[in-house]
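Colleague: Dropping a structure here in structure tokens format, bear with me for questions.
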Amino acid sequence: MRGVLRTVCASGFLFRRLWQRAACHNERGFTMKPPQRPVMGKLETQVSFEEAQSLCALEDVPIESFAFTGGGMPCAQLSKSEWHGCTLDHVCLREADLRGAYFRDTVFFCCDLAGAVLIGATLHRCEFKNCRLTGANFSAGALADVRFSGCVGQSASFSECGLKDVMFEQTDLSNAAFCDIGQRRRAAFAFQKCSLAGAQFLHTPLAGQNFASCNIDGISLEGPELRGAHVTALQACELAKLLGVIVE
């Protein structure tokens, strides 16, 4: 009985803190630098995606300075591949194996990476614009200066990732996983006008995060993760319900 009372009291205290923060909400948002833009050089446009991938694999060199439009390789085996200074426009990499791949200064525009496996991948100065990332797995990866804009990333996983200056904007991240982020080193990531309905944030500190422009209905966490987060008064009420607090 005492354990139940302690839980209710702790949840009530957290609710009051959330309400107070919502009442004095300001526009500072999450403290992070805007992601740096990719640095692009002269691009080769006359080689197809399939040809470039085969040639670079044969010569064991990075896929570098190519502009690809269309094509792609669904379910391709591209683990530990390297991509430098490329643009991919409407390229299909659905369910591709990109474990441990390295991407630098690479732009994905309207690409299909649904179900792609990017576990342990490194992304530096990359952009994903209007891409399909449903079920994509970025777990345990290292992302720095990366921007996701206008993407569909339902059920995508970013758990255990190292995130430095990563921005998600106008992206559907419903039921996505952001668990165990920032446990070993401080993470810097932010959301603007995103759907985070049902997203998981277990064991991920959210201090400084500004969720005011996002849908966070039904997010999954234990409670302490929310310390220092910025929410609206309405969001605070919904979060209180998740934590078992009865608002009358």
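Colleague: Give the residue that is surrounded by the most Cβ atoms within 10 Å (Cβ to Cβ), with candidates limited to residues of the range 216-241 that are out of contact with any helix residue (DSSP H, G or I) (no Cβ under 9 Å at 6 or more places or on another chain) and of a type outside the set (Lys, Arg). Explain how you work it out, then say what you get.
Modeller: At the first step, the residues of the range 216-241 found to be out of contact with any helix residue (DSSP H, G or I) (no Cβ under 9 Å at 6 or more places or on another chain) are 222, 225, 238, 241.
So of that shortlist, the ones also of a type outside the set (Lys, Arg) come out as 222, 225, 238.
Numbers: Glu222: 10, Glu225: 22, Glu238: 15.
So, considering only residues that are out of contact with any helix residue (DSSP H, G or I) (no Cβ under 9 Å at 6 or more places or on another chain) and of a type outside the set (Lys, Arg), the one surrounded by the most Cβ atoms within 10 Å (Cβ to Cβ) is Glu225.
Colleague: If Gly135 satisfies every condition in (1) within 28 Å of Gly115 (Cβ to Cβ); (2) surrounded by 21 or more Cβ atoms within 10 Å (Cβ to Cβ); (3) out of contact with any Leu (no Cβ under 6 Å at 6 or more places or on another chain) but one, which is the exception?
Modeller: So the condition that Gly135 fails would be (2).
Colleague: Quick test for you: out of Cys111, Cys75, Cys86, pick the one residue that is surrounded by fewer than 16 Cβ atoms within 10 Å (Cβ to Cβ) and either aliphatic (A, V, I, L, M) or closer than 18 Å to Cys131 by Cα (or both). Before you say what the answer is, go through the steps one by one.
Modeller: Working: Cys111 fails: surrounded by fewer than 16 Cβ atoms within 10 Å (Cβ to Cβ); Cys86 fails: surrounded by fewer than 16 Cβ atoms within 10 Å (Cβ to Cβ).
The conditions single out Cys75.
Colleague: Let me ask something else. Can you tell me how many residues in the range 112-134 are of a type outside the set (Gly, Ala, Ser) and assigned to a loop (DSSP other than H, G, I, E, B)? Show your work before the answer.
Modeller: Keep residues of the range 112-134 that are of a type outside the set (Gly, Ala, Ser), which gives 112-113, 117-119, 122-134.
Retained after the next criterion (residues that are assigned to a loop (DSSP other than H, G, I, E, B)): 113, 118-119, 130-131, 133-134.
Residues that pass the stated criteria total 7.
Colleague: Out of the residues in the range 122-150 that are without any contact (Cβ under 8 Å) to a residue 40 or more places away in the chain and of a type in the set (Val, Ile, Thr), which is farthest from Arg186 (Cα to Cα)?
Modeller: Thr134
Colleague: Residues that are modelled with pLDDT under 95 and among the aliphatic types (A, V, I, L, M): list the strands (runs of 3 or more DSSP E) wholly contained in the range 135-241 that include at least 1 such residues.
Modeller: The strands (runs of 3 or more DSSP E) meeting that bar are 188-192.
Colleague: Which pairs have Cβ atoms under 7 Å, sit 6 or more apart or on different chains, and link a residue in the range 59-75 that is more than 12 Å from Phe49 (Cβ to Cβ) to one that is of a type in the set (Phe, Trp, Tyr)?
Modeller: Qualifying pairs under 7 Å: Pro62/Trp83.
Colleague: Another question, if that's okay. Has the range 53-66 got at least one residue that is surrounded by fewer than 21 Cβ atoms within 10 Å (Cβ to Cβ), of a type outside the set (S, T, N, Q) and in contact with an Asp or Glu (Cβ under 7 Å, 6 or more places away or on another chain)?
Modeller: Checked against the condition, which is being surrounded by fewer than 21 Cβ atoms within 10 Å (Cβ to Cβ), of a type outside the set (S, T, N, Q) and in contact with an Asp or Glu (Cβ under 7 Å, 6 or more places away or on another chain), the range 53-66 yields at least one hit.
Colleague: Looking only at residues in the range 51-108 that are part of a loop (DSSP other than H, G, I, E, B) and β-branched (Val, Ile, Thr), which one is nearest to the chain's Cα centre (by Cα)? Spell out how you get there, then give the answer.
Modeller: First pass over the range 51-108, keeping only residues part of a loop (DSSP other than H, G, I, E, B): 60-62, 65, 70-71, 73-76, 78-81, 85-86, 90-91, 93-96, 98-101, 105-106.
When the remaining residues are screened for being β-branched (Val, Ile, Thr), the result is 61, 91, 106.
Values: Val61: 29, Val91: 20, Thr106: 16 Å.
Selected residue: Thr106.
The values are calculated or read from the model by the stated rules, or taken from the named source; none is laboratory data. All of these numbers come straight from a predicted model, not from anything done at the bench. Note that each Cβ is placed from the backbone with ideal geometry, even for glycine, and that neighbours are counted across all protein chains shown.
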